[in-house]
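Here is the structure we will look at.
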Amino acid sequence: MKIIGEKLNGTRKQVKEAILSRDAAFIQKLAADQAAAGAHWIDVNAGTAAEREPEDLVWLVETVQAAVTRPLCLDSANPAALAAALPRVKQAPLINSISGEAARLAGVLPLAAQARGGVIALAMDDTGIPATAEGRLAIVRRLIEATRGAGIPDEQVYVDPLVLTVGASGDAARVTLATVRAVKAEFPHVHFTSGLSNVSFGLPVRSLINRAFLTLMLEAGLDTAILDPLDRELRKAMLAAEAVLGIDRHCLNYTRAYRAGLLE
């Protein structure tokens, strides 16, 4: 499974403060730590007010790229911020994200097609997040039609089926898992991603819930996730689940991690 390192997000207090104060050392250490822990992309989300987000996202992109060679995941629903950042990106970035929301689709999809690095597609539209897998699949169908029309191959689409906290709805995880299976059956070449930690919001010992959900999502078809690569217990659960499911051929990644002391 590939990992999108989630920690450079301006909604986090320390990260926001670092962005506003232009604390490059803090940002670069966070990026380097995630890359060293195995992140395949570094998510960059300025999370600042719309009028200043383009400038902040450009600074964030340039600061991170000065420290790591991993490709970036440009995380913004603001087309102006994405348009400002794209010319500064050294490698084709993953764009996070489009959805069935009309304004978001119209504003972000052309930029994702221009970037040529893939796009995350959220299973929601202007009415919100459907309560059923069938409702989410219907949105994904429309999104795949739009991405194909924009020249983005299915292999570059990362469907996020979305998960709500199980603390509020006991069916939340089941619906997400059913959505992954339904989308995979109809669109076998798309990828799947998830903001895994949403499942445990509001609950104690969130990491335990996250690990259980990750294992189930891997079995359903998850192949990419937005998560904290520094969470050793989550990484261990991922490696073990991939070995059990046969995703990790000959358990090579698992045994390499063991020899590197990562499973202790």
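Read-outs throughout are calculated quantities, based only on the coordinates presented, and are distinct from any laboratory measurement. Keep in mind that this is a model prediction, so the values were computed, not measured. No Cβ is skipped: glycine too gets one built from the backbone with ideal geometry, and neighbour counts run over all protein chains shown.
Set the Cα radius of gyration of the chain against 2.2 N^0.38 Å, with N its number of residues, and you get 0.98. Comparing GLU242, GLU219, GLU51 in a Gaussian network model of the chain, where Cα atoms under 10 Å apart are tied by springs, the biggest mean-square fluctuation is seen for GLU51.
Computed from label points 7 Å out along Cα-Cβ, the spacing between SER169 and LYS29 is 4.0 nm.
Mean-square fluctuations from a GNM of the chain, with a 10 angstrom spring cutoff on Cα atoms, peak among VAL108, VAL205, VAL157 at VAL205.
Sorting LYS29, LYS13 from the fewest to the most surrounding beta carbons within 10 angstrom yields LYS13, LYS29.
Cα centroid separation, region 145-202 to region 216-257: 18 Å. Using just the Cα positions, wrap region 70-224 in a convex hull and report its mean projected area in square nanometres, one decimal place. Mean orientational projected area (region 70-224, Cα hull): 9.1 nm². Between ALA102 and ALA66, the C-beta separation translates, for a Förster distance of 45 Å, into a calculated FRET efficiency of about 0.75. Below 8 Å, C-alpha to C-alpha, sequence gap of six or more: please give me the relative contact order for the chain in percent. Computed value for the chain: 15 percent relative contact order. Neighbour counts of other Cβ atoms within 10 Å put CYS73, CYS251 in the fewest-to-most order CYS251, CYS73. Taking other C-beta atoms within 10 Å as the exposure proxy, PHE201, PHE213 rank PHE201, PHE213 from fewest upward. Available extension along the chain between GLU233 and SER207 is 8.6 nm, counting 0.36 nm per residue and deducting the alpha carbon span.
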